[in-house]
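Q: First the structure, which I've put down as structure tokens, then a few questions once you've had a look.
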Amino acid sequence: MNRIYRRIRPSGVLAIVVLTVLALVNPGHANAQARIDGIENVTAFSFTAGAGELSTPDGGSIHFWGYQDLGGNEGVGVPQYPGPTLILNQGDSVTISLTSGLPQCTSMVFPGHTVTASGGDQDGPLTRETCPNGTAVNYTFTATDPGTYTYYSGTQPELQIEMGLVGAIIVRPAMDIGGDVGYAYDRADTAFDHEVMFLLTSMDPGIHQLAEQNRFAEIDLTQRWPVYWFINGRAAPDDLAAPFVGWLPHQPYNCTPRMSPGQRLLVRIIGGDRDQHPLHLHGNHYKEIARYGRLLTLADGETLAPRKRFTTLSVPGQTVDAIFEWTGEKLGWDIYGSTLDGMPAHDCIDGDGDGFGDVSAGSTYEHEYCADHDKKFPVVLPETQNLAFGGWWSGSPYMGGSGALPPGEGGLNPYGGFFFMWHSHAEKELTNFDIFPGGMLSMMVVEPPGTPIH
């Protein structure tokens with residue numbers, strides 16, 4: 001039985017369809033990387049912890065607590081879930097001032113950093129705390145080491161993190177100069193073309209309803225039973241909509257990974273709540289390169305450990321950095337379509353001997369796997385009247401291809417990319433209050449070379 005009030009979000013599904021298309025077709029900058037949204041080039045922050053109402057895809061709403069950036073750096077202007085992602089540069093000296101607009105005292109902790117706390121109203125078990133209508137507490141630290149980190153409440157964290165007081169910190173290395181290739185750490189083998197964040201959390205709306213009514217004495221966290229699961233503060237399919245959409249004012253961040261064949265996608269995974277979440281990636285394995293902002297190396301301290309994974313069991317407070325690649329290698333057929341399939345002829349010319357086509361050598365597509373060039377598609381597709389369609393089917397099995405679709409079908413794959421579901425491998429976490437599909441689910445898109453990805 002649902003324990004929260006629900007409201008109907010008119011035209012919600014239509015909005016998701018339209019805004020997902022807008023998210024994919026927005027050209028952005030032709031050569032820009034897809035980078036994680038957050039506050040950049042700022043080192044002095046003024047936050048307050050306040051309350052708001054989250055939106056869920058089934059038409060529900062949940063009372064939550066979130067950090068609000070009073071400086072307006074992202075234009076959100078309200079408490080947000082998760083808190084603002086702080087994108088720092090290695091060596092930055094950072095100050096965060098925090099006040100409490102909650103019915104409780106609160107605080108912030110920053111694992112992985114040496115923090116000095118001053119001001120505030122009282123000492124808490126982990127750090128200085130600020131109380132309602134009290135004095136701001138100031139936290140200062142230096143972003144010494146690059147990597148992925150998290151921050152969250154250090155005051156009654158079992159309740160305040162559940163309520164939403166959690167966020168992410170990214171520290172970019174000195175080697176990352178903002179060009180067309182980024183670096184996760186100060187070494188060439190951590191280079192990436194695009195990056196995406198998976199901050200994984202969940203909520204039990206019954207706890208939130210009791211907190212909204214100030215019935216804190218009735219909250220029994222041993223009986224916690226989450227029914228909503230989030231990636232970057234949104235449950236699927238809302239996470240596929242564009243970032244900063246107006247109909248999700250407290251949930252600015254989306255999660256729609258995109259890349260092209262041969263590119264490297266940096267995946268930053270953060271365990272943001274008290275539960276474990278098995279994040280499972282389809283399309284290929286990936287390589288974990290770091291945990292807790294520290295590189296995973298062999299005994300020599302230099303060679304990256306060969307940690308190939310399909311699933312990462314994200315644990316509370318842990319961060320994992322991984323590199324995902326997709327090339328189409330050894331599929332046994334030409335992903336761009338062969339002349340035997342009636343597709344236009346194209347060339348695959350390997351100029352550097354790595355087995356993949358190079359446009360600089362005259363290849364039609366960058367990074368096509370030449371050994372499979374012009375090999376026929378191995379499956380005879382059923383007739384259209386015998387197919388069930390999805391929004392991401394372009395009408396063609398070939399990358400960059402499209403075909404005729406029945407009225408009302410398709411429309412979410414304007415470039416003819418290949419879609420792979422990335423999701424929690426715990427089936428209950430793929431629902432929104434028992435409604436499937438939803439929860440911790442996103443779609444990764446391998447787009448044809450040259451597609452603008454922002």
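The values are calculated or read from the model by the stated rules, or taken from the named source; none is laboratory data. Quick caveat, the model's predicted, so the values are computed rather than measured. Reconstructed Cβ throughout: ideal geometry from the backbone, glycine too, with neighbour counts over all protein chains shown. We work out accessible area using only protein heavy atoms, side chains counted, and drop any ligands, DNA or RNA first. Shrake-Rupley method; radii C 1.70, N 1.55, O 1.52, S 1.80 Å.
Q: What strands (runs of 3 or more DSSP E), lying completely within the stretch 32-116, carry at least 3 residues that are in contact with a Ser or Thr (Cβ under 8 Å, 6 or more places away or on another chain), at negative phi and at pLDDT 95 or above?
A: Correct list: 44-55, 61-69, 93-100.
Q: Let me ask something additional. Which one is farthest from residue 284 (Cα to Cα) among residues in the stretch 353-376 that are under 34 Å from the mean Cα position of the chain (by Cα) and either of a type in the set (Asp, Glu) or at pLDDT below 95 (or both)?
A: 358
Q: Which one of 245, 171 is more than 19 Å from residue 322 (Cβ to Cβ) and out of contact with any Cys (no Cβ under 9 Å at 6 or more places or on another chain)?
A: 245
Q: I need the full set of residues from the stretch 374-397 which are among the acidic types (Asp, Glu) and farther than 26 Å from residue 329 by Cα, in order please.
A: Across the stretch 374-397, the qualifying residue is only 383.
Q: Follow-up question, since we're still on this one. For residues that are under 19 Å from residue 275 (Cα atoms) and in contact (Cβ under 8 Å) with a residue 12 or more places away in the chain, scanning just the stretch 404-427, find the one that is most open to solvent (accessible area, probe 1.4 Å).
A: Among them, the one singled out is 425.
Q: Only one of these is modelled with pLDDT of 95 or more, within 26 Å of residue 181 (Cα to Cα) and part of a loop (DSSP other than H, G, I, E, B): 243, 226. Name it.
A: 243
Q: If only one of 297, 319, 364 is open to solvent by 40 Å² or more (accessible area, probe 1.4 Å), under 25 Å from residue 143 (Cα atoms) and of a type outside the set (A, V, I, L, M, F, W, C), which one is it?
A: 297
Q: Filter the stretch 234-251 for residues that are surrounded by 24 or more Cβ atoms within 10 Å (Cβ to Cβ) and out of contact with any helix residue (DSSP H, G or I) (no Cβ under 9 Å at 6 or more places or on another chain) and give the result.
A: 235, 239 - these are the residues of the stretch 234-251 that are surrounded by 24 or more Cβ atoms within 10 Å (Cβ to Cβ) and out of contact with any helix residue (DSSP H, G or I) (no Cβ under 9 Å at 6 or more places or on another chain).
Q: Just a yes or no: is a residue in the stretch 375-398 on the phi > 0 side of the Ramachandran plot, touching a residue at least 24 places away in the same chain (Cβ under 8 Å) and assigned to a loop (DSSP other than H, G, I, E, B)?
A: No, that holds for no residue.
Q: Something else about it: Output the residues belonging to the stretch 379-389 that are surrounded by fewer than 13 Cβ atoms within 10 Å (Cβ to Cβ) and over 34 Å from the mean Cα position of the chain (by Cα).
A: 380, 382, 383, 385, 386, listed by residue number.
Q: Between 218, 195, which is in contact with a Leu (Cβ under 7 Å, 6 or more places away or on another chain), open to solvent by 20 Å² or more (accessible area, probe 1.4 Å), farther than 22 Å from residue 434 by Cβ and not basic (Lys, Arg)?
A: Checking each option against the conditions leaves just 218.
Q: Taking the residues in the stretch 196-238 that are within 17 Å of residue 160 (Cβ to Cβ) and of a type in the set (Gly, Ala, Ser) as candidates, determine which candidate is farthest from the chain's Cα centre (by Cα).
A: If we take residues in the stretch 196-238 being within 17 Å of residue 160 (Cβ to Cβ) and of a type in the set (Gly, Ala, Ser), then 217 is farthest from the chain's Cα centre (by Cα).
Q: I need the full set of residues from the stretch 144-177 which are out of contact with any helix residue (DSSP H, G or I) (no Cβ under 9 Å at 6 or more places or on another chain) and open to solvent by 20 Å² or more (accessible area, probe 1.4 Å), in order please.
A: If the condition is that a residue be out of contact with any helix residue (DSSP H, G or I) (no Cβ under 9 Å at 6 or more places or on another chain) and open to solvent by 20 Å² or more (accessible area, probe 1.4 Å), then 144, 145, 156, 157, 161, 174, 176, 177 are the ones that fit.
Q: Consider residue 340 carefully, then state whether it is more than 30 Å from residue 270 (Cβ to Cβ) and not in a loop (DSSP other than H, G, I, E, B).
A: yes
Q: While we're on this one: Examine the stretch 35-55 for a residue that is surrounded by 22 or more Cβ atoms within 10 Å (Cβ to Cβ), more than 28 Å from residue 173 (Cβ to Cβ) and among the acidic types (Asp, Glu), and state whether such a residue exists.
A: Checked against the condition, which is being surrounded by 22 or more Cβ atoms within 10 Å (Cβ to Cβ), more than 28 Å from residue 173 (Cβ to Cβ) and among the acidic types (Asp, Glu), the stretch 35-55 yields no hits at all.
Q: In the stretch 437-454, which residue that is of a type in the set (Gly, Ala, Ser) and either free of Cβ contacts under 8 Å to residues at least 12 places away in the same chain or part of a loop (DSSP other than H, G, I, E, B) (or both) is surrounded by the most Cβ atoms within 10 Å (Cβ to Cβ)?
A: 438
Q: Is at least one residue of the stretch 429-436 out of contact with any Leu (no Cβ under 7 Å at 6 or more places or on another chain), without any contact (Cβ under 8 Å) to a residue 40 or more places away in the chain and open to solvent by 40 Å² or more (accessible area, probe 1.4 Å)?
A: There is no residue in the stretch 429-436 that is out of contact with any Leu (no Cβ under 7 Å at 6 or more places or on another chain), without any contact (Cβ under 8 Å) to a residue 40 or more places away in the chain and open to solvent by 40 Å² or more (accessible area, probe 1.4 Å).
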